[in-house]
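What follows is a single structure, written as structure tokens, with notes after it.
FYI, it's all coordinate maths here, none of it is from the lab. Note that the structure is predicted; figures quoted are calculated from it, not measured. Here the Cβ is made from the backbone with ideal geometry for all residues, glycine too, and neighbour counts use every protein chain on show.
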Amino acid sequence: MTHDPSDPSIRLPRELLLGSFAVLAAPIAVTIFLPDAGPSRTFLWFLSLVPVLIWSYAFQWRGATTALAFSLVALLTAQVGAAARGFPPTPLLVETVVTLLGIGAALALVMERIQRDRGAIEEVALMDRLTTLPNRRHARVFLETMFGAAERGRPISVVLFDLDDFRKYNDRMGSREGDEALRAFAALLATSTRRMNLSARLGGEEFISILSGADEEGARAFADRVRETFRLSRPASRELTVSAGVAAFHPSMRRPDELVGAADLALFRSKEEGGDRVRVFGRDVRSRGAEGLAKANGSAPGPGDAAFEFPAVTDFARPAHEIGTSPPPDHLLPPLDPRFGLGRRVILIEGRTTGSDGVHQYLTTEGFSVDTAHEPSRALLTLAREADLILMDLDLMAASAGGFIRAAKSRWPATQLVTLSDEEAGGRSSDGLVAGADDTLARPVELRLLQAALVDALGKRDRTLEEIRRRAALPTFSEDNADRGGRLLFRGLISLVRAGELRDPLTRGHALRVSRYSAALLDQLPDRQGIDRRGLVSACLVHDIGKLEIPEAILVKNAPLTADEFGKVRRHPAAGREILRPITSDVLTLSVTGWHHERWDGSGYPDGLAGEAIPLPARIVAIADALDAMTSPRAYRAGLGWEDAVRQIRERFGSHYAPELAAPFAEALPELRRIYDEAWRPA
């Protein structure tokens, strides 16, 4: 039987075991044939501790007990032989026996402690002692690292090997020949495995190869090559074959155990069919149990569910002796439905004639929900709802590509954006990356590279969302739900806004009036559309904080602004978001600050958002901000009268302002007029 790493005993050569007892010949011979040796006869019997030492090291208490028994039998036999010849017994015989028993027990105790420490050391070691291959622990660490790379788009595959009927072979040929077969197979694996990959012994006759950069076909070829080489290398009289199970990473897999479990199931099928063959999960092997079906259909919790948490695993989930001998449990297998796009939304922006490379078909095959836009003018409208990923044809978007990328990343920071362009358009691809795209692919798109880009992008999105959730614990700007530190921070920002208004006395009180106008409009919406009224008021009070970056000379200029000056003014919403983002993650505040100058038709600034892509709170504040700006005097013009301002706003619903807010605006007019009169009533 071969050595089991979990067994702390050590196999010793037969010659050493026999030689350990040969030393007993000296005290026996002296006791029987040299009675005149005197006290040396007593000391010679302590040579019997040699077999005790060796056997206790190899077999611990069991070996120590056996060796002591042999030593005592030898001592008794020598005394009987000496008495038969008429010689006296060994001096201090009783004391010698007691001493031998005591020292033997102490040696056994020490050796047991040594073996226990050796087992602990081997447990944290990374090399298998019998085969000199990396061991189970080493393989797990490597697999964890490679699986992380696979989640970022790099292909990996796993091959599990099992020597067929090895126990019978070991019983028939002997443990020494069995160990030699394991070493021979390990040597073959070592020479067949590239340096960037890893082959290891899991235990017993089970081995694993982790192949970085290998797809399903490459892993199958590797397994077949190893299997055939090993079969041909063994003499016919000692025929020994190997079976293999192959599994390639798929984006639906969430844990390394699922990848290993898939290879485990393939190995089981290989052995079930008679062995000496390779089977591939997903191609040759597809069956799953009831639990896997429930998981795939959504009735069992999975990654992303609030109540679901994968256990921390530091070792392979199945012992080596179970691998390949039975189907792995369903919780160790990938989902029955391998489409990794399920529950994910993709916006695909491409011309009607550029979809011939099958991108749309591939996305739907993988389960993505796909929204398409075939015209640049429609692209901005797709940002109304958050998507996991945007795939954008740079050739279609042309000059508007940079603006769209900036708008998309500003509106939905966690959404990943991948550009598509012809291979010759290398410069255009770099322009997309400079504008904020996360990745770029050349057309015609190779589906393997597309899958890798999708996996990488979705992983980045999940990590970004996790960071956003972490930051959501920061204080918001509603004084009702902020702690004392949050309230002090809020009041400090209000003081900054007021200090900014002092630079332009004609805008004094603007933030307060906008907050009151916005609240009056919000009150006319059914159930306020779920928008927190106090939160909206607080957001309005800091919505122009970005104007702190505008030079005072521009703010108070009593002539039309130059293009450069107006460009600095147009930047203040984005500047406001940059000021507030490190301070708060409150979506309402950031939306109002960043997009209260966007227009329904996409002609606003800073991002050119259009339609419902503009958050509703920002659409409301856009009307309130315009109403106060029109009715307030400026250095370069007098303020409009109330009726003229109201008329201009009504005319611009559907172009500047959201058409669905026209009716609430009309209903809010009495309250809006009351606020106006109160604000501008002479003191």
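Pull out a ≥ b ≥ c, the square roots of the eigenvalues of the alpha-carbon gyration tensor of the stretch 106-208, then state rounded if a/c is under 1.5, prolate if not and a/b is larger than b/c, and oblate in the remaining case. Before the final figure, lay out each step's value.
Working: a/c = 2.81, a/b = 1.33, b/c = 2.11.
Cα axes put the stretch 106-208 in the oblate bin.
Can you tell me how the stretch 209-265 classifies by the Cα gyration tensor, rounded, prolate or oblate, using a/c under 1.5 as the rounded cut?
Here the stretch 209-265 falls in the prolate category.
Quick one: net charge around R448, please, counting Lys, Arg +1 and Asp, Glu -1 for every other residue with C-beta under 12 Å from its C-beta.
-3
What spacing in nm lies between the two simple spin-label points modelled at L93 and E671, each 7 Å away from Cα in the Cβ direction?
11.4 nm
Rounded, prolate or oblate: which one fits the stretch 345-471, using the alpha carbon gyration tensor with axes a ≥ b ≥ c (rounded when a/c is under 1.5, else prolate when a/b beats b/c, else oblate)?
Working: a/c = 1.42, a/b = 1.23, b/c = 1.15.
Rounded.
With a 10 Å radius around each residue's Cβ, average the other Cβ atoms per peptide and rank 599-610, 365-376, 167-178, highest first.
Result, highest mean Cβ count within 10 Å first: 599-610, 365-376, 167-178.
If each residue's Cβ is checked for other Cβ atoms within 10 Å, how do K547, K271, K460 rank with the fewest at the top?
Least to most surrounded, the residues fall as K460, K271, K547.
Can you give the relative contact order of the stretch 484-680 as a percent, counting alpha carbon pairs under 8 Å and 6+ residues apart?
Values: 266 pairs, mean separation 44.2, N = 197.
22 percent.
Around S410, under 15 Å between beta carbons, what's the net of Lys plus Arg minus Asp minus Glu among the other residues?
On the way: positive: R406, K409, R411, R570, R571, R577, R581; negative: E386, D438, E578, E598, D607.
Overall, the nearby charge balance is +2.
Cβ under 14 Å from D677's Cβ, D677 left aside: what net charge do those residues give with Lys, Arg +1 and Asp, Glu -1? Please report the intermediate quantities before stating the final value.
Working: positive: R513, R516, R673, R674, R681; negative: D628, E643, E671, E678.
Charge balance near D677 sits at +1.
Using Cα positions and a limit of under 22 Å, work out the lysines in reach of K557, with same-chain residues fewer than 8 apart set aside.
K547, K568
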